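The values are calculated or read from the model by the stated rules, or taken from the named source; none is laboratory data. Since the structure is predicted, the reported quantities are computational estimates derived from the model, not experimental observations. Every residue, glycine as well, gets a Cβ built from its backbone with ideal geometry; the counts of neighbours run over all protein chains shown.
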Amino acid sequence: MSEHERYNGWTNYETWCLNIWIDNDQYLYERKAELIREVSIHYDDKQVYELSLLLESMVEELKEDVLEVGLMSDLLGGAIGKINFYELAEHYWEDFNEDFKRYQAENEELKQERLANLKQS
């Protein structure tokens, strides 16, 4: 896909739009966090791929909950088919890893600080 077809740095409008909704809707944000935890616990490799499948499944479930079979369901399905779930999964997995590394560093600093305080006592 050429750069001029991208949308706000994402593959396309549909991918960008889903990302905006996931990050700004409490239910979707919490569901995303659950999926990331699930992948981090149950998969040692291919985490991004597995997360992309779970995200796609989540969106398909939402579609089924909202629309009956018909024109609007078909049109929505077409839009969902354009979403780059792998790109979203990569983005979310990278954020998760960065947050985890920051958490580990903060805990290590706290641990060192406590050890220093114990030695002074």
Whichever residue in the range 59-89 is among the β-branched types (Val, Ile, Thr) and surrounded by 12 or more Cβ atoms within 10 Å (Cβ to Cβ) and, among such residues, is farthest from Asp23 (Cα to Cα): Ile80
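Determine whether Tyr86 is touching a helix residue (DSSP H, G or I) at 6+ places or on another chain (Cβ under 6 Å), among the hydroxyl-bearing types (Ser, Thr, Tyr), part of a helix (DSSP H, G or I) and modelled with pLDDT of 95 or more. Working first, answer last.
Working: touching a helix residue (DSSP H, G or I) at 6+ places or on another chain (Cβ under 6 Å): yes; among the hydroxyl-bearing types (Ser, Thr, Tyr): yes; part of a helix (DSSP H, G or I): yes; modelled with pLDDT of 95 or more: yes.
Against the criterion (touching a helix residue (DSSP H, G or I) at 6+ places or on another chain (Cβ under 6 Å), among the hydroxyl-bearing types (Ser, Thr, Tyr), part of a helix (DSSP H, G or I) and modelled with pLDDT of 95 or more), Tyr86 qualifies.
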Hits in the range 1-58 (condition: polar (S, T, N, Q), outside any helix (DSSP H, G or I) and either in contact (Cβ under 8 Å) with a residue 12 or more places away in the chain or surrounded by 15 or more Cβ atoms within 10 Å (Cβ to Cβ) (or both)): Thr11, Asn12
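Any idea which of Ala105, Ala116, Ala79 is closer than 18 Å to Asp25 by Cβ and either within 24 Å of the chain's Cα centre (by Cα) or modelled with pLDDT under 95 (or both)?
Details: Ala105 fails: closer than 18 Å to Asp25 by Cβ; Ala116 fails: closer than 18 Å to Asp25 by Cβ.
Only one candidate qualifies: Ala79.
If I ask for residues that are of a type in the set (D, E, K, R) and under 22 Å from Ile80 (Cβ atoms), which ones from the range 25-53 would you list?
Residues of the range 25-53 that are of a type in the set (D, E, K, R), as a first pass: 25, 30-32, 34, 37-38, 44-46, 50.
Across the range 25-53, the qualifying residues are Asp25, Glu30, Arg31, Lys32, Glu34, Glu38, Glu50.
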Asn19 vs. criteria touching a strand residue (DSSP E or B) at 6+ places or on another chain (Cβ under 7 Å) and not hydroxyl-bearing (Ser, Thr, Tyr): yes
